[in-house]
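For reference, the structure discussed in these notes is given below.
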Amino acid sequence: MQETLINAIPAPVFYKNELGVYIGCNKQFEAYLGRPREQILDRSVFDVAPEDLAEIYHKADMDLIIEGGSQIYETVVVHADGSKHDVMFHKAVFEKSNGLVGGIIGVMVDITQRKELENKLEELASHDTLTGLSNRRDFDARLEQALARSQRTQTQLALLFLDLDGFKDVNDNLGHSAGDQVLQIVAERLTNIMRKSDTAGRMGGDEFAVILEGSVTRDTAALVAEKVLAELASPYTLNEGAVSHLSASIGIAFAPDHGTELDTLFANADRAMYSAKDQGKNRFAIASDDALTTTISETSHN
């Protein structure tokens, strides 16, 4: 009767004694692990799961045995096909006829699809749908975190704010589809230049920004800016034809020299970017140290 009932449950179900040894399971549990019950019963999690995961399961089981009651937690289980699935365990202790703890009954719910959907929604919420870079909200959050790390570690970071030169002509002459292709190529080139510790984002339109962390010097930031200018000035091959006249203007601001708050740092990088445009475009400009005027250092890339 009991076996018929647990086999009727569509989710994997298992029983363990107070030592964590399997004493029962349903067919769904067998199928999920890809093992017949003969290879599950009278064995522990260390016999049916990788050691790193078995340690997690066993600790949770022993905590439940000691504390009593029930527990719910999310973890990972190796499926019968060898892939790792996200699951939610629902476990509770059961008692023997003498009132002592007899062991644990557990139900395992596969939440892999839910997790994938959550990750996809999170990705959509934090990334620009066209370029795949961080969107403005996510970039601002990352910059706030970077500024906090910079202050905590007493290190300097750089914010590069760039605007494409000639992008309007692409949209006007070749159409918005071509413009979208250009933005995607720009994002790809920025990604290829950046280190893993750096963050690139699309601020909207044809404006992008990059955070450089890790005790960044002015020389280091200047070298990165030069590399970005060279990459973005390279010809763009589009479905509608080749575009070779694009370039970028970049403004650079450093924390803490040009601000320790997000808005201040962005404002100074923005002013420096417009100074680069005023000086002839296709160049970068560094914000002034008094953070009131635009720049004291300008370098063109020709």
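The values are calculated or read from the model by the stated rules, or taken from the named source; none is laboratory data. Predicted, not measured: the structure shown is a model, and the values here were computed from it. For neighbour counting, all protein chains shown are included, and Cβ atoms are generated from backbone atoms with ideal geometry for every residue, glycine included.
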If we scan segment 10-26, do we find a residue that is of a type outside the set (A, V, I, L, M), touching a residue at least 60 places away in the same chain (Cβ under 8 Å), part of a helix (DSSP H, G or I) and out of contact with any helix residue (DSSP H, G or I) (no Cβ under 9 Å at 6 or more places or on another chain)? no
Is it true that GLY251 is under 10 Å from PHE161 (Cβ atoms) and assigned by TED's automatic domain parsing to the domain that holds ILE193? yes
Within the group VAL107, VAL77, VAL93, VAL87, which residue is of a type outside the set (D, E, K, R), crowded, with 18+ Cβ neighbours inside 10 Å and more than 22 Å from ALA31 (Cα to Cα)? VAL93
For segment 63-171, which fully contained strands (runs of 3 or more DSSP E) count at least 1 residues that are in contact with a strand residue (DSSP E or B) (Cβ under 8 Å, 6 or more places away or on another chain), among the acidic types (Asp, Glu) and within 30 Å of HIS258 (Cβ to Cβ)? 157-165
What pairs come out if I take residues in segment 146-175 that are assigned by TED's automatic domain parsing to the domain that holds ASP289 and modelled with pLDDT of 95 or more and pair them with residues that are of a type in the set (Lys, Arg) and in a loop (DSSP other than H, G, I, E, B) whose C-beta lies under 8 Å away, six or more apart or interchain? ASP165/LYS281
Here are some residues: GLY201, GLY214. Which one is on the phi > 0 side of the Ramachandran plot and surrounded by 14 or more Cβ atoms within 10 Å (Cβ to Cβ)? GLY214
Restricting to strands (runs of 3 or more DSSP E) lying wholly in segment 195-302: which have 3 or more residues that are modelled with pLDDT of 95 or more and not aromatic (Phe, Trp, Tyr)? 199-204, 207-212, 247-255, 283-287
Members of segment 1-29 that are within 35 Å of the chain's Cα centre (by Cα) and surrounded by fewer than 20 Cβ atoms within 10 Å (Cβ to Cβ): PRO10, ALA11, GLN28
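Scan segment 31-62 for residues that are part of a loop (DSSP other than H, G, I, E, B) and either in contact with a Cys (Cβ under 8 Å, 6 or more places away or on another chain) or of a type in the set (Gly, Ala, Ser) (or both) and jot them down.
GLY34, ILE40, LEU41, SER44, ALA49
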